[in-house]
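S.K.: Quick one: structure below, then a few questions.
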Amino acid sequence: MDDSSKERSDVIEIGDLPDDKAVKYLTDRGVSKEHAQDAVANILGGRLIRLHKYAKHWTPSTSNAEYRKGFDTMTGSAIEDAKKNVLSAHDKGIYTFHSLVVETYFRQAVAAAAAAAPPAAAGPSTGSPANSA
């Protein structure tokens, strides 16, 4: 590889924007503040590529719920393709997510599953220790 090829092949990692800057990025591109705040908090996080795609396709008539459906499908597929890059393993069996987007996706999936699950059957009441003879 010649020197110019090496220079062009360098990878630079750009971290996520903080929420306030992500919202500003979207509003500077015509997204309403209400949609931008909801999208950053619940769908996009501060990942620039996701912010760019959202701003590019956003219209006032498209709800974030509609965008979220497509995004959840896309995120789910990406997770299947990139499981090895999604989690960090730590001591004592603790795992953390590399991305707010992935964390938000799982948080919403768990909440939806919990909301759809039938309530747990109550076991026999044993009474509180204070009421025992």
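The values are calculated or read from the model by the stated rules, or taken from the named source; none is laboratory data. If you're wondering where the values come from, they're calculated on a predicted model, not measured in any experiment. Cβ coordinates were reconstructed from backbone atoms using ideal geometry, including for glycine residues, and neighbour counts include every protein chain displayed.
S.K.: Say whether the condition of being assigned to a helix (DSSP H, G or I), in contact with a Ser or Thr (Cβ under 9 Å, 6 or more places away or on another chain) and either surrounded by 11 or more Cβ atoms within 10 Å (Cβ to Cβ) or at pLDDT 85 or above (or both) is met by at least one residue in the stretch 44-55.
M.R.: yes
S.K.: What number of residues within the stretch 1-39 satisfy the criterion of being part of a loop (DSSP other than H, G, I, E, B), at pLDDT 70 or above and acidic (D, E)?
M.R.: 2
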